[in-house]
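Worksheet: the structure to be examined is printed underneath.
The values are calculated or read from the model by the stated rules, or taken from the named source; none is laboratory data. A quick note: this is a predicted structure, and the numbers were derived from the prediction, not measured. Because the Cβ atoms are built from the backbone with ideal geometry, glycine has one as well, and the counts that use them run over all protein chains shown.
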Amino acid sequence: MTDDKPEYSSPACFLGEADDVYSGYAPRAEIVAFLNELLEAERAGSRVTLESAREAGAGAMGDLLAAVQRDEAKWCGMLLGHVKQLGAEPTPTMGAFYGKCMAIADMKERVAFLNRGQGWVVKRIKPMLPRVRDDKLHADLKEMLESHEANIALANDAIGIAKP
């Protein structure tokens, strides 16, 4: 038996110098892929709501879709900015959601399908938030999440779907 004290390989005082991945944060490549995936979805949502608002015309449904479209366009810009800030190339692609949604002729059914897409975005953001170390990106994604949740509630009210 020896009196030597054990040496620790990772003293807590070095934690601040640890790699983001070691600390449980997503690596840059994963963040970029995630942001580009959301960007494709937001492009599709923006175009769906733009065309649907025009189709709905004046009135409550048209106003709702125009408001959601402004949000979708805002999030496209935010996502583009963060992808570029990370030194990556934003995807030029629009998600397949656009074609699927626009194939639905009935406006209430289309809005219900649009809400499923909004819900998909919410489900994608929630588990990623704790893995985003950048404070600005984290705040922007949290705001985007809350905006999508609010838009889902507004659209559900507009098409007569009761809250769960």
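Looking across the range 130-155, just one residue is surrounded by fewer than 17 Cβ atoms within 10 Å (Cβ to Cβ), closer than 16 Å to residue 108 by Cα and in contact (Cβ under 8 Å) with a residue 24 or more places away in the chain, and that is 154. Only one entry in 103, 73 is loosely packed, with under 14 Cβ neighbours inside 10 Å and among the small types (Gly, Ala, Ser), namely 103.
Name the pairs whose Cβ atoms lie under 6 Å apart, with the first residue in the range 89-107 and touching a residue at least 24 places away in the same chain (Cβ under 8 Å), the second surrounded by 16 or more Cβ atoms within 10 Å (Cβ to Cβ) and aromatic (Phe, Trp, Tyr), and 6 or more positions between them or separate chains? Close Cβ pairs satisfying both conditions: 101/113.
Residues that are modelled with pLDDT under 60, outside any helix (DSSP H, G or I) and of a type in the set (Gly, Ala, Ser) within the range 10-23 comprise 10, 18, listed in sequence order. Within the range 43-68, residues that are in contact (Cβ under 8 Å) with a residue 24 or more places away in the chain and within 26 Å of residue 92 (Cβ to Cβ) have Cβ atoms under 8 Å from residues that are of a type in the set (A, V, I, L, M) and outside any helix (DSSP H, G or I) in these pairs: 43/94; 44/94; 44/96; 47/94, counting only partners at least 6 apart in sequence or on another chain.
Check whether at least one residue in the range 107-118 is farther than 22 Å from residue 154 by Cα and surrounded by fewer than 14 Cβ atoms within 10 Å (Cβ to Cβ), and report yes or no.
No, the range 107-118 contains no residue that is farther than 22 Å from residue 154 by Cα and surrounded by fewer than 14 Cβ atoms within 10 Å (Cβ to Cβ).
Filtered by the rule that a residue be surrounded by 19 or more Cβ atoms within 10 Å (Cβ to Cβ) and either under 16 Å from the mean Cα position of the chain (by Cα) or polar (S, T, N, Q) (or both), the range 48-70 gives 49, 52, 68, 69.
Filtering the range 32-47 to residues that are of a type in the set (Gly, Ala, Ser) and either closer than 16 Å to residue 144 by Cβ or buried (at least 21 other Cβ atoms within 10 Å of the Cβ) (or both) leaves 41, 44, 45, 46.
Taking the listed residues 41, 26, the one that is in contact with a helix residue (DSSP H, G or I) (Cβ under 7 Å, 6 or more places away or on another chain), part of a loop (DSSP other than H, G, I, E, B) and under 19 Å from residue 127 (Cα atoms) is 26, with no other qualifying.
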